[in-house]
């Protein structure tokens with residue numbers, strides 16, 4: 001049996017949908033499971049034994065209709081028995097339609113329903129602590145469960161060489177392993193997903209004041225100016241504990257170093273999802289416009305905790321949609337002041 005799973009978009013989405021591949025291999029051990037993703041997201045599924053082939057959806061397919069058509073015919077030649085569309089956008093709709101698969105599965109939408117012969121309606125409230133993002137993905141394979149135990153949690157597979165390399169990187173920085181080490185997701189993927197700089201500085205001051213921990217920043221070289229601004233806003237004692245010049249060269253390096261951290265703390269995004277897939281504790285600050293119930297996976301009040309403006313000031317939301325809140329995110333962030341977070345954070349960093 002040949003199965004194709006489609007999940008374009010960002011790293012967190014690709015990691016989340018990898019649970020479809022993982023569970024398909026458990027249900028059908030002899031099946032071939034292929035995965036369509038964007039090239040830049042491959043690091044989070046490297047060495048995953050449940051994925052037989054990666055099919056990279058390149059930028060050129062989006063820029064040229066002719067090149068995209070050639071890609072569609074290439075998919076068709078593979079003669080997949082089942083196609084599972086976890087993305088549900090125009091590109092994946094077309095891949096599914098042209099695949100020729102006997103069974104085509106996707107999320108129910110009026111305008112694309114004709115493409116699929118099996119659709120699911122997404123949940124609006126989570127049933128477990130896995131969160132909606134994961135639960136809704138697993139609905140896509142609910143009909144395949146042959147009394148096999150379903151694994152809700154995404155996994156990242158590091159090699160022994162990568163784990164060893166992570167320690168070598170930290171040793172070169174003279175990291176004191178007798179102290180706590182926290183990876184800080186210091187910036188979000190966009191400004192409307194980034195906790196205000198002065199507020200983040202106060203968060204970092206609180207961590208160091210309570211633990212004397214070493215802080216590592218997760219950021220790209222192009223973000224150095226923004227990171228430096230946050231660093232400069234911190235107290236002098238805090239700055240002594242920040243390894244600001246440690247810039248990790250790749251996502252796999254980030255993973256190998258995070259492997260040795262006590263927890264990841266900071267803005268919600270792909271880094272948080274990756275840390276959870278490594279079984280690392282996380283303290284997540286959600287953007288005011290993001291739906292927390294979708295991505296606050298595996299929260300337990302101890303090792304995995306998240307904070308959201310709606311937790312503290314629900315009256316600011318009413319019945320407004322996430323789209324409506326997004327345009328107001330920068331103003332709403334101002335309402336999520338550090339004094340709301342710090343009592344929870346202090347307890348967290350002392351325990352983890």
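Derivation of every value follows stated rules applied to the coordinates shown; laboratory data play no part. Note that this is a predicted model, so its numbers are computed, not measured. Cβ: placed from backbone, ideal geometry, glycine included. Neighbour counts: every protein chain shown.
Using the 2.2 N^0.38 Å rule of thumb for compact globular proteins, work out how region 247-352 stacks up: its C-alpha Rg over that value, please.
Details: Rg = 14.7 Å, N = 106, 2.2 N^0.38 = 12.9 Å.
Ratio of Cα Rg to 2.2 N^0.38 Å: 1.14.
Taking only the Cα atoms of region 206-263, how large is their convex hull per residue, in Å³? Mind dumping the intermediate values first?
Numbers: hull volume 4.6 nm³, N = 58.
Here the figure is 79 Å³ per residue.
For 206, 258, what ranking results if the residue with the fewest other Cβ atoms within 10 Å of its Cβ goes first?
The order, fewest Cβ neighbours first, is 206, 258.
If eta is 0.890 mPa s and T is 25 °C, what Stokes-Einstein diffusion coefficient results for region 116-165, Kirkwood Rh from Cα pairs, in µm²/s?
183
Radius of gyration and Dmax for the chain's Cα atoms, expressed in Å?
Answer for the chain, Rg first and Dmax second: 21.3, 63 Å.
So what is the relative contact order of region 111-202, in percent, for Cα pairs below 8 Å that sit 6 or more residues apart? Please list the in-between numbers first.
Details: 28 pairs, mean separation 12.3, N = 92.
In percent, rounded to a whole number, it is 13.
In units of 2.2 N^0.38 Å, what is the alpha-carbon radius of gyration of region 68-160?
Values: Rg = 15.1 Å, N = 93, 2.2 N^0.38 = 12.3 Å.
So region 68-160 has a normalised radius of gyration of 1.23.
Run the paramagnetic zone check for residue 347: 7 angstrom along Cα to Cβ, then residues of region 284-303 with backbone nitrogen under 15 Å.
Once the point is set 7 Å along Cα→Cβ of residue 347, 284, 300-303 turn out to lie under 15 Å by backbone N, inside region 284-303.
So what are region 2-144's ellipsoid semi-axes, whole angstrom, largest first, if each one is the square root of 5 times an eigenvalue of the alpha-carbon gyration tensor?
On the way: eigenvalues 94, 62, 49 Å².
Each semi-axis is √(5λ); the values are 22, 18, 16 Å.
Of the peptides 216-222, 337-343, how do they stack up when ordered by the mean number of other Cβ atoms within 10 Å, highest first? Present the calculation step by step, with values, prior to reporting the outcome.
Details: 216-222: 16.9, 337-343: 14.6.
Ranking the peptides 216-222, 337-343 by packing returns 216-222, 337-343.
Could you tell me the center-to-center distance, by alpha carbons, between region 160-195 and region 249-321 in angstrom?
Region 160-195 and region 249-321 have Cα centres spaced 16 Å from each other.
Normalised by the number of residues in region 160-351, what is the relative contact order in percent for Cα pairs under 8 Å and 6+ residues apart? Walk me through the numbers before you get to the answer.
Values: 289 pairs, mean separation 47.4, N = 192.
Result for region 160-351 is 25 percent.
Compute log10 of I(q)/I(0) for region 186-239 with the Debye formula, placing one identical point scatterer on every Cα and leaving out solvent, at q = 0.17, 0.19, 0.20, 0.29 Å⁻¹, to two decimals.
For region 186-239, the Cα-only Debye profile gives -0.50, -0.63, -0.69, -1.26.
What nm value, rounded to one decimal, do you get for the distance between residue 320 and residue 298 when each label is placed 7 Å out toward the C-beta?
It works out to 3.3 nm between the two label points.
Return, ordered by residue number, the residues of region 184-202 whose backbone nitrogen is under 15 Å from a label point located 7 Å along Cα→Cβ of residue 232.
Zone members listed by number: 197-198, 201.
Where does the chain land at 222 nm, in deg cm²/dmol rounded to the nearest 500, when only DSSP H runs of n ≥ 4 count, each adding -39500 (n - 2.57), divided by all residues? It would help to have the intermediate numbers written out before the result.
Working: 16 runs with 143 residues, N = 352.
After summing the helix terms and dividing by the residues of the chain, the value is -11500 deg cm²/dmol.
If one computes the Cα centroid of region 145-159 and of region 322-342, what distance in Å separates the two points?
Going from one Cα centre to the other spans 35 Å.
Pairs of alpha-carbon atoms within less than 8 angstrom and 6+ residues apart define the contacts here; what relative contact order does the chain have, in percent? The partial results should precede the final answer.
Numbers: 612 pairs, mean separation 55.5, N = 352.
Normalised by residue count, the contact order of the chain is 16 percent.
Please determine, in degrees from 0 to 90 and to the nearest 10, the orientation of helix 224-233 with respect to the longest principal axis defined by the Cα atoms of the chain, where the helix direction is its Cα long axis.
Result, in degrees: 40.
Note down the nm distance, to one decimal, between modelled labels 7 Å out along Cα→Cβ at residue 179 and at residue 312.
2.7
Work out, in µm²/s and without decimals, the Stokes-Einstein translational diffusion coefficient of region 107-242 at 4 °C, 1.567 mPa s, Rh from Kirkwood over C-alpha pairs.
Roughly 67 µm²/s, to the nearest whole number.
Report the equivalent ellipsoid semi-axes for region 160-351 in whole Å, largest first, defined as the square roots of five times the eigenvalues of the gyration tensor built from alpha carbon atoms. Before the final figure, lay out the partial values.
Working: eigenvalues 148, 60, 52 Å².
Those come to 27, 17, 16 Å.
Which angle between 0 and 90 degrees, to the nearest 10, do you get for helix 90-99 versus the longest principal axis of the chain when only C-alpha atoms count?
Once rounded, one gets 30 degrees.
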